[in-house]
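The values are calculated or read from the model by the stated rules, or taken from the named source; none is laboratory data. Computed from a predicted model, the values in this text were never measured in an experiment. Backbone-built Cβ (ideal geometry, glycine too); neighbour counts: all protein chains shown. When the accessible area is computed, the model is the full protein with side chains, heavy atoms only, and any ligands, DNA or RNA have been set aside. Shrake-Rupley method; radii C 1.70, N 1.55, O 1.52, S 1.80 Å.
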2 protein chains.
Amino acid sequence: MTETGQPLFRDDEALLREAIRLARARMLAGRGGPFGAVVARGGIIVAKGWNRVTTGLDPSAHAEIVAIRRACRRLGTFHLEGCVLYSSCEPCPMCLSAAYWARLDRLTWAASREDAAAGGFDDARIYREVALPAGERSLPSTQMLREEGASVFVDWLAKSDRVQY
Amino acid sequence: MTETGQPLFRDDEALLREAIRLARARMLAGRGGPFGAVVARGGIIVAKGWNRVTTGLDPSAHAEIVAIRRACRRLGTFHLEGCVLYSSCEPCPMCLSAAYWARLDRLTWAASREDAAAGGFDDARIYREVALPAGERSLPSTQMLREEGASVFVDWLAKSDRVQY
C-alpha cells in the first residue's frame, strides 16, 4: 500500500522509472521542462511524453498531455479506459483534469507539487487558484451573455447524431 | 461591472459572441462538442478554437486549449501576456489551468459549468475532484519513488541554459 492507500501493481516502479528517466534525459537534451510521462495498458507502454512547452511553443504541452494525446492517436480513440498514467511529478490541475477527460483508470507519480514549486513551477499555486470562486482568483474573469451561451447546449442535446465524450 | 466585479472592456461582447457562434456552427457541422473560444489582443482576434475531442482523437482538444495553442503558434511564443480568452462556456479546470500557464491577462465566458452539466459535460464534477486531496478522489492515484522524481529538479536548477516558463 502507498501513501494514498491504493494497492501497488506489478511493473509500477519500472514504468514510473521510465517516466523519470524521460524527464531527466529530455530536459538535459534541451527539449523542455523537467517532466516525463508514460501511458501504459496491462503493463505495456502505449505512449511516452515529455514537456515540450518552450520547444513546441505550446503552454499545454506538459508531459502528461503529450503522452495522453499520443496514446489516443496510437489506439485510435479519444478515451483511455484500461490505461494508467505514470508521471515523474504529480500532475498539475491541467493534466489531472485531462486524466479525467481521458477516463484513465489510475495515476502514479513520483515528485510532489511542492518539489515542483522548489524547481520554480507554479503547480501548487494553480491548484489553490482553481479551487477558488472565480471572483477571488488572481486571474480576472467576467461572465456575460449567459443565456446566449447556454442556448448552444439546447441545440447540442437536440442533435440526434451527436458524439458524446 | 459584471457578476465577478471586473470592469467590462470595449468589444468584449462582440468577441464573446464570436466564440458562441463558433461553438454552435462547428458543433452543428459535426466537428466536435458544443464549445468555442477566441484569443484576442487589443480587441483583435489572434486565434479561434473549437472543440475537437472526438474528431481529433484528443481529450485535451477543448476549444480553449485549441485557441491557446493556435495563438502561441501564430505569435511565435509560449506565453500570451496581453491577450484575453473568450469562451462560449466557463473553462473547465483543464482549460482554466492552461490559461494560467499561458499567462493570459483575463478571461470572459458566457455559459456556466452548471449549463455544461445540463448539456452532459463533467466540468462541475472535475472542479470538485481537483479540489480534493488525492486520496479522496474517484480517480485512484499513488505516489512513490518521490526522492528519485524530485532529484530531476536538482538537475534542472543546475542547468545553466534552462528556459523557464
| Filtered residues of segment A:99-133 (kept if over 29 Å from A:Phe78 (Cβ atoms) and either in contact (Cβ under 8 Å) with a residue 60 or more places away in the chain or more than 7 Å from chain B (Cβ to nearest Cβ) (or both)) | A:Glu114, A:Ala117, A:Gly119, A:Ala124, A:Arg125, A:Arg128, A:Leu132, A:Pro133
| query | Taking segment B:14-66 on its own, how many of its residues are more than 7 Å from chain A (Cβ to nearest Cβ) and acidic (Asp, Glu)? | reply | 2
| message | List the residue pairs whose Cβ atoms are under 8 Å apart, where the first residue sits in segment A:154-165 and is closer than 17 Å to B:Ala111 by Cβ, the second is surrounded by 15 or more Cβ atoms within 10 Å (Cβ to Cβ) and among the basic types (Lys, Arg), and the two are 6 or more positions apart or on different chains. | response | A:Asp155/B:Arg24; A:Trp156/A:Arg162
| Given (1) surrounded by 24 or more Cβ atoms within 10 Å (Cβ to Cβ); (2) more than 24 Å from B:Arg128 (Cα to Cα); (3) not acidic (Asp, Glu), where does B:Ala61 come up short, assuming only one miss? | (2)
| note | For segment B:134-160, the count of residues that are more than 7 Å from chain A (Cβ to nearest Cβ) and open to solvent by 70 Å² or more (accessible area, probe 1.4 Å) equals 6
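For every residue, the table says whether it meets (1) farther than 19 Å from B:Ala150 by Cα; (2) open to solvent by 50 Å² or more (accessible area, probe 1.4 Å); (3) hydroxyl-bearing (Ser, Thr, Tyr); (4) not in a loop (DSSP other than H, G, I, E, B).
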| site | (1), (2), (3), (4) |
| --- | --- |
| A:Pro91 | no, no, no, no |
| A:Ala99 | yes, no, no, yes |
| A:Arg103 | yes, yes, no, no |
| A:Ala116 | no, no, no, yes |
| A:Ala124 | no, no, no, yes |
| A:Arg128 | yes, yes, no, yes |
